[in-house]
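> What follows is a structure written as structure tokens; I'll ask about it next.
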Amino acid sequence: MTKYSCATLVPSSCVPFTGKDLVFLTLEEQPECDANLDEVIDLIAIAIKDLETATDVSTHNKACLEISGILTLPKLLQAHTDKLCALDAQLITLTDQLDDLVIGNELVTIDLGCLATAAAPCLVASNTYTLIAILNTFRSEICAIKAELGI
């Protein structure tokens, strides 16, 4: 690479900064009116370092994410979105399946002991009842006990 001679070199610390405000700084953070080029370069370097730190994903645990190649913030965000969308689809499927499930009609085999007579009309097979029949039997018997006790 050829360097061109620019006559006398002036150190950047001796070059006054006459540029516009730095857009990534607030009004209070702007360089002083007598700032030199070194000070402005330092402010830019600090901003770049802050961006690198804020977007560093090198130690991110991507155990359940599918990311190929070098881990970058855009790839990580996309992997998170993909995972959330997949989980959302599974949740919708499960919700639909549960909405279609009529659990009250599920058969339960249980020895109801002293409640067997009360549940006899709901008997499906030996000691087998629908869940809703068992729950209704329990409710009826509990209500009868409460009424007997006056509570």
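Just so it is clear, none of the values below were taken in a lab; they were calculated from the coordinates. Everything numeric here is computed off the predicted structure, so don't read it as measured data. Note that each Cβ is placed from the backbone with ideal geometry, even for glycine, and that neighbours are counted across all protein chains shown.
> Taking only Cα atoms, what is the 0 to 90° angle, nearest 10, from helix 73-100's long axis to the longest principal axis of the chain?
10
> What stretch of the chain, leaving out the sites themselves, is the longest with no GluC sites (Glu not before Pro) in a DSSP loop having at most 12 other Cβ atoms within 10 Å?
Counting at most 12 other Cβ atoms within 10 Å as exposed, the longest clean stretch of the chain is 107-151.
> Kirkwood Rh, Cα Rg: Rg to Rh for the chain?
Rg/Rh: 1.53.
> Still on this structure: Karplus couplings for the range 113-118 from phi (6.51 cos²θ - 1.76 cosθ + 1.60, θ = phi - 60°), rounded to Hz, Gly and Pro as x?
Each residue's phi maps through the Karplus curve to give x, 5, 8, 4, 5, 5 Hz.
> Please turn the phi angles of the range 8-13 into ³J(HN,Hα) values with the Karplus equation 6.51 cos²θ - 1.76 cosθ + 1.60 (θ = phi - 60°), one per residue in order, whole Hz, x for glycine and proline.
6, 7, 10, x, 4, 5
> Mind checking the angle between helix 131-149 and the chain's longest principal axis? C-alpha axes, 0 to 90 degrees, to the nearest 10.
70
> Any idea how far apart residue 55 and residue 132 come out in nm if each label point goes 7 Å out from Cα toward Cβ?
5.9
> Test of understanding: what is the full-extension gain from residue 89 to residue 38, defined as 0.36 nm times their sequence separation minus their Cα-Cα distance?
Stretched fully, the residue 89-residue 38 segment lengthens by 13.0 nm.
> Sticking with the crude label model, points 7 Å out along Cα→Cβ, report the distance from residue 23 to residue 122 in nm, one decimal please.
So the two model labels end up 7.1 nm from each other.
> Let me ask something else. What does the charge add up to near residue 117, with Lys and Arg as +1, Asp and Glu as -1, over the other residues with Cβ less than 15 Å from its Cβ?
The answer is -2.
> Let me ask another. Set the Förster distance to 41 Å, then compute FRET efficiency between residue 67 and residue 139 from the Cβ-Cβ distance, nearest 0.05.
The computed FRET efficiency comes out at 0.15.
> Please give the helix 37-54 orientation as an angle from the longest Cα principal axis of the chain, in degrees from 0 to 90, rounded to the nearest 10.
20
> Among 98, 121, 8, which residue has its Cα furthest toward the positive end of the charge dipole of the chain, with +1 on Lys/Arg Cβ and -1 on Asp/Glu Cβ?
Farthest towards the positive pole: 121.
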